[in-house]
Structures are given as C-alpha cells and as structure tokens.
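What follows is a single structure, written as structure tokens, with notes after it.
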Amino acid sequence: MTKTILIGSPNSGKSLLFNRLTGLNQKVANFPGVTVSVNSGKSLTHPSNEFLDFPGAYSLQTISAEEQISVEAFYTALKDPEISSIICVVDLTRLEKGLIFALQVINACAEHQKPLLIAANMIDVLKQHKLSLDTAGLEKALGVPVIEVSAKSASGLEELQDRALSQKDLPSPYTSDIIASDESVIHRQAQQLAKDFGPKGDLLINAQTRLDEFFLHSWFGGLSFLVIMYLLFQSIFTWAAPVMDAVESLLQLMAGIILPMLPQGVISDFTADALFGGIGAFLVFVPQIFVLTLVVGMLEDSGYLARAAVICHKPLRLFGLTGKSFIPMLSSVACAIPGIYAARTVDSPRKRWLTYLAIPLMPCSARLPVYSLLIAAFIPATSMLGGLIGWQGLAMFSIYVFGILCGLLVTALVSKTNKAMQSDLPFVLEMPPYRLPSWRPLLRNAWNRSKHFVTKAGKIIFIVTVVIWLLGYFPNEGANLGESWLGQMGKWIEPVFSPFGLDWKYGVAILTSFLAREVFVGTLGTLFGIEGGEENIISLAEHIQNSGLPIGAGFALLVFFSIALQCVSTLAVLRKETGSWRLPSQLFVSYSLLAYAAAWLTFIIVQAIAA
C-alpha cells in the first residue's frame, strides 16, 4: 500500500479533488476551515494507493490551530516510508498565493527526499475566460511536474494519479536555506513566477469587485446580511412544510395499515404509543434538518460566508470575539460538534476559548424539533404581507436570535471581566471567489447530515422511548398514567419545574432530553400517546395547546431549551478539544442554572402580560 498526500491552501479545491479521486463524500465548501482533520481514502482507479487529505494551510509557519494540525501531520508524514508522493494543490485563479505555499512545500519535500508534483487546479475556469497557463515554463522554473486539472469537471485526474505513482525523484532548483530563512524572498519569487507563467488578465476581478462593493458595503452589506439570515430561518418552515406533511401522512397511513393487524393489548399499545407516537413525532422534523443544512451549504459554497465574517467582525469585537468566530458559530446552527472543530480556524487561543463559550448557545438542529413543536402549539400558522412573512417563521427567527444574543452576552461578560481576553491577534481573513454552488455535493451533504441525525439521535430516542413507555404503561396497562411507575417518579420531580407552570410530564421530558434535546418531543409523544392522544405531530401540538398549559410555560420552555446545554456529545468533544473536563463541566452547570433562572423569569413576565 502506497500513500499520497494532498496538501494546499484553503479554497484551492483540495477537498473536492480528494472526493473525485477517492469517491468519498468529504464536506466541501468555499471558505477556510472546512477540513479540520486528516481524512483518508483509497484511490478509485488505483486501489493500492491511499490519499491523505490534510487541512488547508496558508504557510508552513503556523498561526491557527487548524494550520498546526495540517503542518504537524505533514512533517510527520514526510518521515513515513509508505508516502510515495505529495500533491500540492494550487488554485490557478489565485496563482501567486498558491505558489507562496508551494515553494515552502517544495523545500520541505527536498529536505526529506520525497517526490512532489503540483496540481494546477481550476483550469476549467481559465479556459472559460479564454486564458491559459504556461505549464511547461512553470514546471521548468519550479523543477517539479505541474499537471493541469479541474476538480469540478474531473479533467486531468488520470494523468495526475499516473504521474504521482510513477515519480521517484524530486529535482529542486531551490536551496533550503533561501526558502526557509527569508519569507520575503519567497513572496518575490512567487510574484515573479505568477507574472511570468500565470494567466494574463483580470480573471473575474471586475465581477468579484462589483459583488463585494455591494455585500461589503457599510449599509447594504449589513442589510443584505440580515435579510439572508432571516430567509435562512424562514425557509425552515416554508420549504420543509410540504415534505413534513408528506412524512406525517405516510406515518398515519402506515399506522392505519399496521395497527389493525396487531392483536389488542401490549403489542398494539406499544406500536401506537412508543413507535408511532414517540419516534414518529421525531421523524417528522427531519425535513427541517435537511433544509437547514442545504441553505447553510449554499451560503458556504457561494463564498458569502467569508464576507459575512467580515461584516460581523466589528460587532463581534464588542462581545470579545472575532469575525472568524462567525463561521464556527454558524456551523453550530446545524450541529455544535462541527462548530467546535471549526473553531480551530480562530487564530487567537483566547478568542477560540471565547468561541467555545458561545457555541453551545447557538440554536443547533437538535433544538429544532423542540422549537417547532412549541411554536406550532402557541403561534398561529398565519402570515402577513401576502404570505412573505409567516408568524411561525418569525417566531423561529426570534428564538434563534435570542440564542445567539445569549451567546454574545456571555462572551462579552467574560471578556470584559478578564483582561487577558482583551488582547488579540490582528483579524486577517481570505476572501474566496464567488462561485455558483455545486448542487450535487450540497444535496448529498444535506442528505448525509439528515441521515446522521436520524441514526445518531434515533438510537437514543428509541431506547428512551421504550423505557418511558414501559414505566408509563405499567403496572396498570396505561389505564391511568398518573398512577403508573413513571407517574409516581414524575411527581417527585414536579416541584422542580412547577415554578414555571409545568407538570410532571414535562419535567420527565426535560430530564430525558439531557441525553439529547430531540428526546423531548419523543417523550411527550409517548406520554400523550399512552393517555390516548393521536400519533401525529399536529395532534401533539394541539394536545399541548388544549391541555391547559399556560402560554408563559410554553415561552419558558423555549427559553430553557435555548440556554441549557443538553448534549452529551458536545461535552465530550469540548473535552477532547480543550484537553480537560473543566470547561465542559463549568458550561454544563452554569448554563443549566442560567436556563432555569431565565425560564422562571420568562414565565413570570409572560403570564403578567397575558393577564
């Protein structure tokens, strides 16, 4: 087995090239910080060769934690006798920047006697604009093979693999001391090489500049950012609603077919209450996860997120953060775990630590089923302005904004009270080119994310649902839920949650949701199913609405779930990234107490207004 390293600058198309060569589905996006670990996969055409995809790096002299992972792993791999070659991916639309990094890689490979070749990516973009690269001249000047490829169209990949496997020596005209000791020399060399052999003309410059003049404008940029973020959350309801209705109808159809076939008794009750009532209520929300992931992926792939980070830098500084914190925070809207990994792109260790504080408060997709259920129960499904603005979508946007503001307030408080947090590295962020999103990887990523959500949360929900059903069904076979084992246990904890209007059933659902927030919906579906409720999400929302639950309690639940850190996986990943249980433990305790206090205060205020 031979191994080939793929290394390059962020946004050079390296990860897409890796996917093409291996057939894997690694996430690809058009902003720095997507690849945050070393990924591997066997070649599709040469199964005996394995490709290693390293996180993008601008230089072998590291600044960020993400670059440190890439560079340390790169130097370690150079000593591995199984490494047969190194491919350095260079973006032809930004040749000078890519060559600065490539010259350093050439030097490192020369020192370790490892063969190297340059993958000159995005040749399709050059041809589209009737531009060309002097490949032979650049190859002669560098002393290493240069292969024209397009990761998007898959052209040149066969030649790239053949050359990588057939290389044995690395002739290099550069001496290691010149490249390693003087970065200014490297920059001048890269500039001259790009000038002599690179494409001539202002490639995409005019169009890119005009777009940036709008999206980075002091007024229009901020306004467009707010509109885009609002449309993101509004789409969660509007785009997903037809599919959610279809899923719900399918579940009802299956229940209508399966339940009459089962004998009356325990099996029939379990199927209706636990499977269709508990797990079925959870599955209805999967289309919303798909839509959320798809829209965030569109923003990533288009190159807009880097502009959003620039727009957010000044306001985020007021809260002790940096513009680079925006991408991990937005990634956390889908899931906190990739958000924590993406925080490696934050150069400053202090700002990275503050970003960790904010991430658990971002409204992740695990909270989405809880929000959707409570909003459906308490917010009317009406709209205004000809259907442009729906009240439920506006409520979803508001609760998302509330979670984000909570995260910002926490970081502001910590940074203001800790003077060591106020010093910082300068904010530097590369502006990737605007590109039309590639729909196939976007749809595939959204599908994989939804499938992962179901398989990961589904296992926990199934186990909890079965336990909840057994405790709630026995010893009286569901005749009286209050007299069941679960009812007796629930009444012990009812005083804990009664200050904000919740009875023991909601208390049980909250406690089980500390394993995973999504369990809240499945638990309520099971409990109400045992009481004779229907097995679909509409009736579950109606059951909540008609059960006499005060509106203040509904808002208190929304606030509680916005703040409480109810995710074991997030705590485990934070432990891994920080190297200690200290921060995860502090966040779990402090956010739980803060969530309880905020929920109680919300209940008091809303009930006073409603009265």
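The values are calculated or read from the model by the stated rules, or taken from the named source; none is laboratory data. A quick note: this is a predicted structure, and the numbers were derived from the prediction, not measured. For neighbour counting, all protein chains shown are included, and Cβ atoms are generated from backbone atoms with ideal geometry for every residue, glycine included.
To keep it simple, each residue is scored yes or no on (1) at pLDDT below 75; (2) assigned by TED's automatic domain parsing to the domain that holds Leu557; (3) in contact with a Ser or Thr (Cβ under 6 Å, 6 or more places away or on another chain).
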site	(1), (2), (3)
Trp447	no, yes, no
Val454	no, yes, no
Trp469	no, yes, yes
Glu477	yes, yes, no
Lys491	no, yes, no
Ser498	no, yes, no
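Condition test on Ala255, is it part of a helix (DSSP H, G or I) and more than 30 Å from Trp353 (Cα to Cα)? So Ala255 passes the test. Only residues that are closer than 15 Å to Val573 by Cβ and either in contact (Cβ under 8 Å) with a residue 40 or more places away in the chain or in contact with a Leu (Cβ under 7 Å, 6 or more places away or on another chain) (or both) were counted across region 339-352, and they come to 6. If you go through region 333-374 and keep only what is among the hydroxyl-bearing types (Ser, Thr, Tyr), closer than 22 Å to Gln586 by Cβ and in a helix (DSSP H, G or I), you end up with Tyr341, Thr355, Tyr356.
As for region 60-79, it holds no residue that is buried (at least 19 other Cβ atoms within 10 Å of the Cβ) and over 30 Å from Glu577 (Cβ atoms). Within region 135-158, restricting attention to residues that are surrounded by 15 or more Cβ atoms within 10 Å (Cβ to Cβ), more than 32 Å from the chain's Cα centre (by Cα) and of a type outside the set (D, E, K, R), the residue that is nearest to Leu17 (Cα to Cα) is Ile147. Taking region 554-584 as the range and being within 19 Å of Arg352 (Cβ to Cβ) and either of a type outside the set (A, V, I, L, M) or more than 23 Å from the chain's Cα centre (by Cα) (or both) as the test, the residues that pass are Thr570, Arg575, Lys576, Glu577, Thr578, Gly579, Ser580, Trp581, Arg582, Pro584.
The sole residue among Asn206, Asn121 that is within 32 Å of the chain's Cα centre (by Cα), at negative phi and modelled with pLDDT under 80 is Asn206. When Met431 is tested against the conditions (1) within 20 Å of Thr293 (Cβ to Cβ); (2) not assigned by TED's automatic domain parsing to the domain that holds Ala572, the lone failure is (1). Scanning region 441-457 for residues that are charged (D, E, K, R) and over 26 Å from Leu17 (Cβ atoms) turns up just one, Lys456. Checking the stated criteria, Ser166 turns out not to satisfy the condition of being at pLDDT 85 or above, surrounded by fewer than 17 Cβ atoms within 10 Å (Cβ to Cβ) and over 17 Å from Asp196 (Cβ atoms). Checking each residue in region 9-19 for being of a type outside the set (A, V, I, L, M) and either within 24 Å of Ser48 (Cβ to Cβ) or without any contact (Cβ under 8 Å) to a residue 40 or more places away in the chain (or both) picks out Lys14, Ser15, Phe18, Asn19. Looking only at residues in region 558-583 that are part of a helix (DSSP H, G or I) and out of contact with any Phe, Trp or Tyr (no Cβ under 9 Å at 6 or more places or on another chain), which one is modelled with the lowest pLDDT? Restricting to residues being part of a helix (DSSP H, G or I) and out of contact with any Phe, Trp or Tyr (no Cβ under 9 Å at 6 or more places or on another chain), the top hit is Ser569. In summary, Ser85 fulfils each of the numbered conditions (1) surrounded by fewer than 19 Cβ atoms within 10 Å (Cβ to Cβ); (2) over 29 Å from the mean Cα position of the chain (by Cα); (3) modelled with pLDDT of 85 or more with the single exception of condition (1). All told, Ala343 meets the bar of being touching a Phe, Trp or Tyr at 6+ places or on another chain (Cβ under 8 Å) and farther than 22 Å from Leu557 by Cβ.
Quick check: anything in region 484-502 under 29 Å from Phe603 (Cα atoms) and β-branched (Val, Ile, Thr)? Yes: one or more hits.
The residue pairs whose first member lies in region 108-129 and is crowded, with 22+ Cβ neighbours inside 10 Å, whose second member is part of a helix (DSSP H, G or I) and of a type in the set (Val, Ile, Thr), and whose beta carbons are closer than 8 Å, counting only pairs six or more residues apart or on different chains, are Leu116/Val105; Leu116/Ile106; Ala120/Thr135; Met122/Thr93. The set of residues in region 482-526 that are of a type in the set (Phe, Trp, Tyr), under 28 Å from Val286 (Cα atoms) and crowded, with 19+ Cβ neighbours inside 10 Å comprises Trp504, Tyr506, Phe520. Kindly evaluate Leu330 against the criterion of being of a type in the set (A, V, I, L, M), more than 18 Å from the chain's Cα centre (by Cα) and either in a helix (DSSP H, G or I) or within 30 Å of Leu540 (Cα to Cα) (or both). Here the answer is no, as Leu330 does not meet what is asked.
Would you say Leu116 is touching a Pro at 6+ places or on another chain (Cβ under 9 Å) and at pLDDT 85 or above? Spelling it out, Leu116 is indeed touching a Pro at 6+ places or on another chain (Cβ under 9 Å) and at pLDDT 85 or above.
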